[in-house]
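Working notes, structure below.
The values are calculated or read from the model by the stated rules, or taken from the named source; none is laboratory data. Just so you know, these numbers come straight off a predicted model, no measurement behind them. So basically every Cβ, Gly included, is an ideal-geometry build from the backbone, and we count neighbours across all protein chains shown. Note: areas computed on protein heavy atoms with side chains; ligands, DNA, RNA excluded. Shrake-Rupley method; radii C 1.70, N 1.55, O 1.52, S 1.80 Å.
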Amino acid sequence: MDAEGDARPAAPPTTPRYEGSDRLDPAARTAAVARLRGTSVQEPLDVLVIGGGVVGAGAALDAAARGLTVGLVEMHDLAAGTSSRSSRLAHGGLRYLEQREFALVHEALTERGLLLDRIAPHLAKPVPLLFPVTRRGWERPYVGAGIHFYDMLSRIGAYGGAMPRPKTLSKVQALGLAPDLREDALVGAVRFYDAQIDDARHTVAVARSAAARGAAVVTRTKVVGLLREGERVVGALLHDHETGETYEVHARAFVGAAGVWTDAVRSLLGDQGTAEVRQSKGVHLVVPRQAFRSTTALMTRTPTSVLFVLPWGRHWLIGTTDTDWDGDLAEPSVDVDDVEYLLDQANRWMARPLTHADVMGVYAGLRPLLNLGPADGGTATLSREHGIVRPAPGIVLIAGGKYTTYRVMAADVVDAAVKELAELGMHGIPESSTADIPLVGAEGYAEMWTGRAAIADESGVDVASVEHLLRRHGDRTPDVLDLIADDPSLGLPLHPDEAYLRAEVVVAATHEGARGLSDVLVRRLRVALETRDSAVTVARDAAELMAPVLGWDHDRVMTEIEAFAAGRPLLPAARDLDEV
C-alpha cells in the first residue's frame, strides 16, 4: 500500500492487465492457480468472485470487462449446483404477473431478448407453449389478457427477442397441436412463446468469456477462510481439492455469488445471524418424446405453482416442485413423493397417462431465495428478486433472483464491489458493458448456421450432426470438427441413444473446464440424465477419451468410473424409482 493507505493510485483501469484465452484446459487452470497464489497484500487482485454458477461467472465477466483484475473460485465444477438444474427456460416468469411483480417480469423479458439476439443465440431459442383453459366464460379472456400483457411487456422498452404474438385457440385447434391432451381436460387454450436455454453450457460459456478477458478461473477449489486487516476482508484461504494444498489469495474486494451456499460464506466471517437464503427444491422428470404427442410445450397451474412439460431433444422435461429443503445442499435428493406429484400433475392433462416406466431420469436443484417470508410459509410465494448484503467491509454477497436475470444480478453485485474499491481510492471504473458482449460461441453463429450445409459437405459430417454442434458450440464448432478430421472415430455418437459425439467429450476437457467424468456426462453432454442406463455403459469410453488431456493413468480412469457410478442414485432410471 502507498503512504496514504490506498491499495493503488486512484486511476480507472483502461484495459485488462491480463490477456486471456477462452480455453479452460489443464494448462489454463495451472496458470490461473499460479496467478492466485502470486497475489499479496501489496499486489492483490481487484476482485475475487466466490462461486462458479451463472451469477458468479457473470460477475467475473462483468468485472473483467470493466478492466479489473479478477479471479473466480468454485469448489466443485462450473454450474455444478443450481445453474445446471433449472427448467432450462429463459423467461420473464408469467406467473409473477399475478404477484404484481411487473418490473421483475419486464427486466427478465429484456434479458430474454438479449440472450436470443445478441448474447447467446446458439444456446437460447424460442419455444411455443400451450396454456390450457379449463372453464368456459371468464377464464379464456382472463388468461388471454394476462399472456397478451406478458407479450406486450417483452416489446415495450425491451431489447430484441421478438416472438410471434399470442393466439387464443379453440379446443379443436389446441388438440391439433397436442393430440395427446385429454379432450375432457380443456375447453380451449392460449398459445404463446418463451425461450429455452441450455443452462449448464451457457454458464460455461460465460466463464470462458470471463477467462478470455483475463479472469483467472479455478474450479475444484474451496474458500475455507477469510483474512482480515481490522474489519476489512483482504484475503481468502483456498483449499485445492486436486492437489490437497491450501494457500492464500489477496484481493481488494470479494464477491460472494455462492447461491444456496451464501450463508456458508457469510459464516466464515463468524456471522451466525438469521439466514439470508431459503432453499427451495425443484424436481424435474425426463421422459421420452414419444410418451406425449405434441408439437408444443405445455404450461399450466398446479395447486402450489406451475407445471411445465418442455421439449428437450428426444425428451420431455416435466417440472417442477417448489418446496422447502434443509438437507444436503450439494445433492438434494428426489423421493417417490416428488415423482408421484409430478406424474399426477402431468396426468391431469395426458390422454395416455405416464407411469414410472416412462421416467428415464430425474434431477433436483435448489433455488436460493431471499428469506423474506414467514418461516411457516411456502417457498412458491417468495419473491424472485435478488438482494445484495455487505456483511463486512471488503465483501459483498448476492442471493435470490432468477436464472434469466443473471446478467443484471452480476452487474449489480459488481457495482457494489466497485463501491468497495472506491473506498481504497479506485475511481472512474466503467459501468457494466455485458449487455453488448456476445458470449463464446455467439459471434459467428448466425453466419455458420446459414452455411451449415456447406460445413457438412466440407467436414464430411452429416447436416443433422452439424446442426447439433452449432446449437451447443456455436462458432466454436470447428474445435469439434477439427478433432473428427484427425480421427474419424470421434465423429461417432458416444451413446447409441443420443446425438452427442465422442469428440465433444474431448472438447469438454480441452476447452470447457471439465475436470471429472461427471462434469462431462452430467453437465457438458447431459447423457447421464437422458439415457435409461444413466450413461454408465459409456463411462469407460468417456473416461478414456478424457485421460490423455487430463493426464489420467489407468488407476485414475477406474477411480473416475467408480465415482461416477456411485453417484447414480441422484439420476435414477425408471427401474430404480419403483424401488424407492
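Quick rundown of the values:
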{"read-out": "All positions within region 114-170 that are hydroxyl-bearing (Ser, Thr, Tyr) and farther than 21 Å from ARG182 by Cβ", "value": "TYR142, TYR150, SER154, TYR159"}
{"read-out": "Filter result (in contact (Cβ under 8 Å) with a residue 40 or more places away in the chain and open to solvent by less than 60 Å² (accessible area, probe 1.4 Å)) within region 452-477", "value": "LEU470, ARG472, HIS473, GLY474, ASP475"}
{"read-out": "Given (1) assigned to a loop (DSSP other than H, G, I, E, B); (2) in contact with a Leu (Cβ under 7 Å, 6 or more places away or on another chain), index of the condition GLY137 fails", "value": "(2)"}
{"read-out": "Residues (over 15 Å from GLY474 (Cα atoms) and either more than 22 Å from the chain's Cα centre (by Cα) or in contact (Cβ under 8 Å) with a residue 60 or more places away in the chain (or both)) located in region 504-513", "value": "ALA509, THR510, GLY513"}
{"read-out": "Residues of region 175-200 satisfying the condition of being within 20 Å of LEU317 (Cα to Cα) and either modelled with pLDDT under 95 or open to solvent by less than 20 Å² (accessible area, probe 1.4 Å) (or both)", "value": "ALA178, ASP180, LEU181, PHE192, ASP194, ALA195, GLN196, ILE197, ASP198, ASP199, ALA200"}
{"read-out": "Residues being touching a helix residue (DSSP H, G or I) at 6+ places or on another chain (Cβ under 7 Å) and open to solvent by less than 20 Å² (accessible area, probe 1.4 Å) - total across region 82-96", "value": "7"}
{"read-out": "Filter pass, ASP326 being of a type in the set (Asp, Glu), in contact with a helix residue (DSSP H, G or I) (Cβ under 8 Å, 6 or more places away or on another chain) and surrounded by fewer than 20 Cβ atoms within 10 Å (Cβ to Cβ)", "value": "no"}
{"read-out": "Only one of VAL218, VAL224, VAL234 that is within 30 Å of GLN42 (Cβ to Cβ), open to solvent by 30 Å² or more (accessible area, probe 1.4 Å), under 30 Å from the mean Cα position of the chain (by Cα) and among the aliphatic types (A, V, I, L, M)", "value": "VAL224"}
{"read-out": "Residue in region 262-275 that is of a type in the set (Val, Ile, Thr), loosely packed, with under 15 Cβ neighbours inside 10 Å, in contact (Cβ under 8 Å) with a residue 40 or more places away in the chain and within 30 Å of GLY361 (Cα to Cα) present", "value": "no"}
{"read-out": "Verdict on ALA503 being out of contact with any Cys (no Cβ under 6 Å at 6 or more places or on another chain) and open to solvent by 20 Å² or more (accessible area, probe 1.4 Å)", "value": "no"}
{"read-out": "Qualifying position, being under 18 Å from the mean Cα position of the chain (by Cα) and buried (at least 18 other Cβ atoms within 10 Å of the Cβ), among VAL306, VAL362, VAL334, VAL339", "value": "VAL362"}
{"read-out": "Residue list for region 97-126, filter: within 17 Å of VAL306 (Cα to Cα) and either of a type in the set (S, T, N, Q) or outside any loop (DSSP other than H, G, I, E, B) (or both)", "value": "LEU97, GLN99, VAL105"}
{"read-out": "The listed residue being of a type in the set (S, T, N, Q), within 30 Å of VAL143 (Cβ to Cβ) and either open to solvent by 10 Å² or more (accessible area, probe 1.4 Å) or part of a loop (DSSP other than H, G, I, E, B) (or both), out of THR300, THR295", "value": "THR295"}
{"read-out": "Selected residue (criterion: surrounded by the most Cβ atoms within 10 Å (Cβ to Cβ)) from residues of region 65-81 that are over 20 Å from the mean Cα position of the chain (by Cα) and within 16 Å of ARG407 (Cα to Cα)", "value": "ARG66"}
{"read-out": "Single residue of region 21-30 satisfying the filter (out of contact with any His (no Cβ under 9 Å at 6 or more places or on another chain) and surrounded by 14 or more Cβ atoms within 10 Å (Cβ to Cβ)) that is nearest to ALA210 (Cα to Cα)", "value": "SER21"}
{"read-out": "Some residue of region 422-436 being in contact with a strand residue (DSSP E or B) (Cβ under 7 Å, 6 or more places away or on another chain), within 30 Å of GLU562 (Cβ to Cβ), at pLDDT 95 or above and open to solvent by 20 Å² or more (accessible area, probe 1.4 Å)", "value": "no"}
{"read-out": "Condition met for ALA257 (open to solvent by 20 Å² or more (accessible area, probe 1.4 Å), within 25 Å of ALA410 (Cβ to Cβ), hydrophobic (A, V, I, L, M, F, W, C) and out of contact with any Asp or Glu (no Cβ under 9 Å at 6 or more places or on another chain))", "value": "no"}
{"read-out": "Qualifying residue in region 543-563 (condition: modelled with pLDDT under 95, among the hydrophobic types (A, V, I, L, M, F, W, C) and either assigned to a helix (DSSP H, G or I) or out of contact with any helix residue (DSSP H, G or I) (no Cβ under 6 Å at 6 or more places or on another chain) (or both))", "value": "yes"}
{"read-out": "Within region 124-140, tally of residues that are open to solvent by 10 Å² or more (accessible area, probe 1.4 Å) and of a type in the set (A, V, I, L, M, F, W, C)", "value": "2"}
{"read-out": "Failed item in (1) surrounded by fewer than 22 Cβ atoms within 10 Å (Cβ to Cβ); (2) within 28 Å of GLU443 (Cβ to Cβ); (3) of a type in the set (D, E, K, R), with ARG112 passing the rest", "value": "(1)"}
{"read-out": "Residue in region 317-326 that is modelled with pLDDT of 95 or more, among the hydroxyl-bearing types (Ser, Thr, Tyr), part of a loop (DSSP other than H, G, I, E, B) and within 30 Å of ALA499 (Cβ to Cβ) present", "value": "no"}
{"read-out": "Some residue of region 418-425 being outside any loop (DSSP other than H, G, I, E, B), farther than 25 Å from GLU107 by Cβ, among the aliphatic types (A, V, I, L, M) and more than 25 Å from the chain's Cα centre (by Cα)", "value": "yes"}
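Table: residues versus (1) surrounded by 21 or more Cβ atoms within 10 Å (Cβ to Cβ); (2) modelled with pLDDT of 95 or more; (3) within 22 Å of the chain's Cα centre (by Cα).
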{"position": "GLY373", "(1), (2), (3)": "no, no, no"}
{"position": "GLY378", "(1), (2), (3)": "no, no, no"}
{"position": "GLY394", "(1), (2), (3)": "yes, yes, no"}
{"position": "GLY400", "(1), (2), (3)": "yes, no, yes"}
{"position": "TYR406", "(1), (2), (3)": "yes, yes, yes"}
